[in-house]
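To keep things clear, I will list the structure first and then write my remarks on it.
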Amino acid sequence: MASPVERVRELLTDAIKPQKLNVVDESGGCDGYKFRILIISEAFEGKRILQCHRMVQAALAPIMGETHALTICAYSPDKWSQMTSEDRQNAGCLDLAGGD
């Protein structure tokens, strides 16, 4: 059986085809999963933040009932490349960037 992080990665990869995907499980023993996600995908091009978040939530529908909290950083490649380190820090996703 896949770990929770592997399951999230699988669901998002199948649905959104990301160019970059980092998933961190911050559940720490609480009831339900708590994930932080950075996802960069062409699928988000021209979409508003709320639309991108809804796409991620829809992809994760099979596990949303077990999910307690979800932090989503979802960007198109163009938007991501235009963001400075300060922008990424303010968005709460700099540490998820992995040196990007």
Near D14, within a Cβ-to-Cβ distance under 13 Å, what is the net charge of the other residues, with Lys and Arg +1 and Asp and Glu -1?
-> +1
Looking at the square roots a ≥ b ≥ c of the eigenvalues of the Cα gyration tensor of the chain, which shape do they give, rounded for a/c under 1.5, prolate if a/b is larger than b/c, or oblate?
-> prolate
What full-extension length gain, to one decimal in nm, is calculated for A91 and S3 as 0.36 nm per residue of separation minus the Cα-Cα distance?
-> 29.0 nm
State in Å² the accessible area per residue of the chain; use a 1.4 Å probe, count heavy atoms of protein chains only, and round to the nearest integer.
-> 58 Å²
Could you check the simple spin-label distance between D14 and R54, using points 7 Å along Cα→Cβ, in nm with one decimal?
-> 2.3 nm
Using the Cβ atoms and a cut-off under 11 Å, what net charge is assigned to the surroundings of R54, where Lys and Arg are +1 and Asp and Glu are -1?
-> +2
Relative packing of peptides 63-71, 36-44, 4-12, 24-32 - highest average C-beta neighbours within 10 Å first | 36-44, 4-12, 63-71, 24-32
How large, in percent, is the carbon and sulfur part of the accessible surface of segment 1-49 at a probe radius of 1.4 Å?
-> 48 percent
Bridge type composition, the chain - antiparallel percent by DSSP, nearest 5 | 45 percent
How much length, in nm to one decimal, is gained on full extension between H68 and S27, taken as 0.36 nm per residue of separation minus their Cα-Cα distance?
-> 13.9 nm
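The values are calculated or read from the model by the stated rules, or taken from the named source; none is laboratory data. Source: prediction; values computed, not measured. Note: ideal-geometry Cβ built from the backbone for every residue, glycine included; neighbour counts use all protein chains shown. Protein only, heavy atoms only, side chains kept; ligands, DNA and RNA dropped before computing areas. Shrake-Rupley method; radii C 1.70, N 1.55, O 1.52, S 1.80 Å.
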